[in-house]
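The values are calculated or read from the model by the stated rules, or taken from the named source; none is laboratory data. The model shown is predicted, which means the values in this text are computed figures rather than measured ones. As a convention, Cβ positions derive from the backbone with ideal geometry for all residues, glycine included, and neighbour counts pool all protein chains shown. All accessible areas refer to the heavy atoms of the entire protein, side chains included, with ligands and DNA or RNA removed. Shrake-Rupley method; radii C 1.70, N 1.55, O 1.52, S 1.80 Å.
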Amino acid sequence: MKFAENTSQAAEYLRQAIPLMVKHNIPPNPLNYALWYTYVSNRVPELNQELDKTLTTYGTCPNLVGEQMFREHMIKDEVDSAENVQAGLIALVNNLHEHAAETAEQTKDYSDTLQDSLDALQADGGPALPLETIIQTLARKTQDISDSTQRFQQRIDDAQAEIESLKAELEKTRQDARVDPLTGLFNRRVFESELGTLLYGGTEGAVTLVLVDVDHFKRFNDTYGHLMGDKVLQYVGKLLREFCPEPMLPVRFGGEEFAVLLPSASIEQAVDLSNQLREKIQAIRIKQKKSGEVISSITASFGVASSKPEDSINTLIDRADQALYSAKQNGRNQVQIGR
C-alpha cells in the first residue's frame, strides 16, 4: 500500500491513531501503527468494518487477527521477500534479461538490414543488389524479428504464471505453519497466541475454554486402522468448524484432542455447545468399505473452564484438563466443569 499524505496530514492521522490504540490496549508495534493509521484515514472501508467488528467482539484486536488484516488489506499485492520467492524471482528476472538481450540484438540486426537495404536501393547507378534479393532479405529478417518478439512475449507470459505460482506457494507455507493439515483447523500454536491475547490484552469478560478428547481413540486405531482414525478426526474437525463460528476459535490441540476458545461466553453457553457437539459425535456412523461393518461406537469427553482474573495460559488449560480427566474417569461421553 502506498501512503501519499503530506507531512501535516500524516501527523494528524498518527495523532488520531495513537489514542485509539491506547484505548483498546493495542500493542505499540510498527504493524499496529500502520493498521490504525490506515483505519483513521478511512482509505480501506473493508478494513474499518472488520476492525470495528473485532473491537465489538473482543474489546481489542488480537495479534493474530491484526496480522491477518494487515496481510489481507495492506500488503496483499506485495511480493514477500522470503528466500524461496526471492530466489525464484531473481531466476525469472535473469531469464527475462537474457531473452530481452536476445530480442534487442535481433532488433538491432533488423535495423541494420533495413539501413543496408536502403543504401543498396539508393546507390549511384541503381541498386547495388538485385531488387528481388533485397526484398527476400527484408522478408526473412522481418519474419525473424516477428518470431523473436513472439518468443519474448511467451517468456513474459510464462514468467507471470510462475510469479503467481510462487505467491501461491508462499501463502501455502504461511498457512502450513498455522493450520493442522488433517483437519484444516488452526493448530495449538495459534491457540496459545490467541488465548494469551485474550487473557493479557485487557479484554473485558472471561474467556471460556473447552477441551475435547475422542474416547478410546488408541483402541479405535488398533482395531480399525489409522486411516479410519483419521476419518474420525476429520469429521470431528468438520463439526467444530460448523458449530463454532467466529468469534469462537476451534483448534486441533494435539493427537485426538481438540479445543475451543469462547471469548466473553458464560460457562453455561460453553456447556450447551459441548453437549451439542457430544451428541453429534455420538451420532457418527462410519462404514468400512471392505467388511461393510458400520462403526457406531465413537464418543468424546469434554472439559470446560472459564478464566479467572489471576489466570495464566497454563492455569486455565490445567483446570479444563482436570475437568476433562473427570469426564473420562466418570464414564466418558460427558461434559465436566473445572472449578
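Below, the figures for the structure above:
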| item | result |
| --- | --- |
| Label-zone membership for the stretch 206-229, site residue 293, 7 angstrom Cα→C-beta point, backbone N under 16 Å | 217-229 |
| Residue 227 versus residue 310: modelled label distance in nm, points set 7 Å from Cα along the beta carbon direction | 5.3 nm |
| Residue 26 accessible area, assembled protein chains, probe 1.4 Å, Å² | 10 Å² |
| Heavy-atom surface of the stretch 268-339, accessible at 1.4 Å and reported per residue (Å²) | 56 Å² |
| Carbon/sulfur fraction of accessible area - the stretch 11-53, other protein chains in place, 1.4 Å, % | 59 percent |
| Peptides 10-18, 37-45 ordered by average Cβ neighbours within 10 Å, highest first | 37-45, 10-18 |
| Residue 55/residue 238 FRET efficiency (R0 30 Å; Cβ-Cβ; nearest 0.05) | 0.50 |
| Exceeding the 25 Å Cα-Cα cut-off - candidates 218/289; 218/280; 280/328; 280/308; 53/231; 238/287 | 280/308; 53/231 |
| Surface share of carbon and sulfur [accessible, 1.4 angstrom probe, percent] for the stretch 213-301 | 49 percent |
